[in-house]
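Each value in this text was obtained by applying a stated rule to the coordinates, not by laboratory testing. Note that the structure is a prediction, hence the values are computed from the model and not measured. Counting neighbours? That spans all protein chains shown, and the Cβs are built from the backbone with ideal geometry, glycine included.
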């Protein structure tokens, strides 16, 4: 029985992987409790940015195309979802579908143009598009985006479907899924289910012929062309899929907090998702999720530390030592969290370009080698 | 008028893009931290001005009811009028400090980080320099705060030049002196960089290196050292561009990133690895941007001023894949 189970695990069939993954995600409130990460806001962030990173990984991890404009789809998804709340209904299902569809369309347009080039030109093109959207959101598109204030729900929004079935209630309505409120833990569980679905799709893509094609493009695009397969449709499809994932994540951001602002589309936001993906491990299935977890967790901890916390932390040192340590560490915490992020990022790129997942596999290999060596030396002794 | 407006902006773009292209063409490194060098240059000017105006609190003799203090810079105390004049000229003088500082920073950056990334992929180069840019930007924010710091130009040039009367366009056509000076300085720097590359032996070697790095190395030239110096030079160009730009736009910690995105677009528009292309595209896009912000144009096509640069970049990249003056064989794969 035990052996069978082990075999099953080793084979890593799709079903076992997804079951284990689902169990891991749904029990997050339990196993994240000891490290103090068990509250709904943070959990929701883990899960939502997890979807974003998983989607980004389909493009960057599989094809190697470095897009610097993926935050656009996050922003577009948020706007689309909030508009759906405003115009149609507070139910989240249409909002999510609508947002994914819209961001897929925009991704198709951007991808169609950008995918004509590769390498750094592709990065610059996506960056140019992202900046265009960002600037337009603050100028011409203000009727749609509501400029710097951000798009919010209002009392007098039409909400056609909701108002058709029932009279409007007093007060601002909140988002729901057929009566289930989207605040707190229920919101988290909803997002978690979406993440599991998204992860399942990503896993299927990774293990499909389509995914193989994308990996082949990454390793040698010229050879692909010489063997007679047109790479462009595959690349565009990958771009659209990852754009839709980003739109989905954007929609979920709006679901948990119905507010959309253009700062979500800034190119530093695209930089953040690149960071997460790389930190965890590009092109691996779990890596991006790991990266999201680490970055969002550290962000949460580091940005709340201030000087008095530090003083307490170093209070075991003599006074002068304490002062030195506090002045050394304080630039890295609180407001300076981005500094830590930058340093961490550089260290990873310099020493471990494959991300943490590569680090794990290296350690594993070394461990195995050591074991084999031990066995050999044992046998020679005998 | 708008043409002139565009020219000084274009000057800044051209200077940054020049440094970027120089580094890219010779070292083959895509440097996302170049905007941060521009930022550091601007803050060199800020720091220099701050140091000059370190003040001592002294009793204000004009108020006798209570103890009022005024701050008097030490320089004024020590040198009187001359001291005040020095403070007034802080920005132009700061260039003297900026050049060696930026040279040092550039050399340190090349030796410490960039050198180890020659053999890595472009994506990794982009990412590591992006990380460095974040770090530099946050360090600046830690020391100088998040607000823009006004750094005035010398009083004598704070007014406007009556450009209109010079060229016979009427008296209403005026233009700030400092922007004219900026234009002159950037032109001077650009021409001196070109002169350096075309008239000296060192420049010849560098140009040869841009064509075929390996061959130059085979000829027994220490390419590595040349690269380090080139990187330092690019850092100086970006730094001076930043220091001089401080009076036009009060520097704040994210100005590097703002300029970086645009100057990358410019480099790509001009053609990767083409110095002339970078300069031409810099001025071109600067002018286009200010033309697009004219009321006549923006009422016709609302929002065009915000996206014109990116729009032009997209069009050029799709119609002329190597940019305006790009060479064959640079970043083709």
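Summary table
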quantity	calculated
Nitroxide proxy distance, nm - points 7 Å out along Cα→Cβ at residue A:374 and residue A:343	3.6 nm
Protection-proxy order for peptides A:154-161, B:314-321, each taking the mean of Cβ atoms within 10 Å per residue, highest first	B:314-321, A:154-161
Cα-based convex hull volume of the stretch A:162-261 per residue, rounded to whole Å³	153 Å³
Per-residue average of Cβ from other chains inside 10 Å of B:120-126	5
Relative contact order for the stretch A:39-266, counting Cα pairs under 8 Å that sit 6 or more residues apart, in percent	46 percent
Tail weight of P(r) past 25 Å, computed on alpha-carbon pairs of the stretch A:39-266, percent	42 percent
Per-peptide average of other Cβ atoms within 10 Å, ordering A:15-21, A:242-248, B:137-143 highest first	A:242-248, B:137-143, A:15-21
Label-point gap, in nm, between residue A:112 and residue A:18 - each point 7 angstrom along Cα→Cβ	3.2 nm
At R0 = 41 Å, FRET efficiency that the Cβ-Cβ distance of residue A:316 and residue A:360 yields, to 0.05	0.80
Per-peptide average of other Cβ atoms within 10 Å, ordering A:134-146, A:252-264 highest first	A:252-264, A:134-146
FRET efficiency, 1/(1 + (r/R0)^6) with R0 35 Å, evaluated for residue A:30 and residue A:323 via beta carbons	0.30
Whole-angstrom gap from the stretch A:187-228 to the stretch A:94-173, using each part's C-alpha centre	25 Å
Cα radius of gyration and Dmax for chain A (Å)	23.3, 86
Approximate spin-label separation residue A:263-residue B:215, in nm, with each point projected 7 Å along Cα-to-Cβ	5.3 nm
Förster radius 41 Å - calculated FRET efficiency between residue B:199 and residue A:309, Cβ distance, rounded to 0.05	0.10
